[in-house]
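Here is the structure we will look at, set down as structure tokens.
FYI, it's all coordinate maths here, none of it is from the lab. It should be emphasised that the depicted structure is a prediction, and the values quoted were computed from it without experimental measurement. In this analysis, Cβ positions are derived from the backbone assuming ideal geometry, glycine residues included, and neighbour counts consider all displayed protein chains.
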Amino acid sequence: MVREAMQSVEQALAAAPGGDALDRLRTSWTRLVDVLALGPAPALRTCPNCGATGMREATRCGTCWSKLVPPGAEGDPT
């Protein structure tokens, strides 16, 4: 959710016409992104039981609470 919001702001800033105020806003936005330091998006996988998308490392589905096989374990389909 945060990543999507940040991407939306990035696109709006890129499309906006220039100006001193916009330059200050871009500088402030860059500092905020650096402070958040989200890093790369986590790897995701689909729950084999309900089809919901969740983090690849999860051991339970966040939607249906089914137990998931850990990534790389025997029986892991991903």
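Peptides 56-64, 39-47 ranked from most to least packed by the mean count of surrounding Cβ atoms within 10 Å: 56-64, 39-47.
Can you figure out the FRET efficiency of Ala58 with Ser8, using R₀ = 22 Å and their beta-carbon distance, to the nearest 0.05? About 0.25, to the nearest 0.05. Placing +1 on the Cβ of every Lys and Arg and -1 on the Cβ of every Asp and Glu, with no other charges, gives the chain a dipole of roughly 180 debye about its Cα centre.
Residues with beta-carbon under 14 Å from that of Met6, excluding Met6: net charge, scoring Lys, Arg +1 and Asp, Glu -1?
That sum, taken over residues with Cβ under 14 Å, equals 0.
Computed over the chain, the per-residue total of -39500 (n - 2.57) for DSSP H runs of n ≥ 4 gives a 222 nm mean residue ellipticity of -13000 deg cm²/dmol, rounded to 500.
The mean of 1/r over all distinct Cα pairs in the chain, once inverted, gives the Kirkwood hydrodynamic radius of 15.5 Å.
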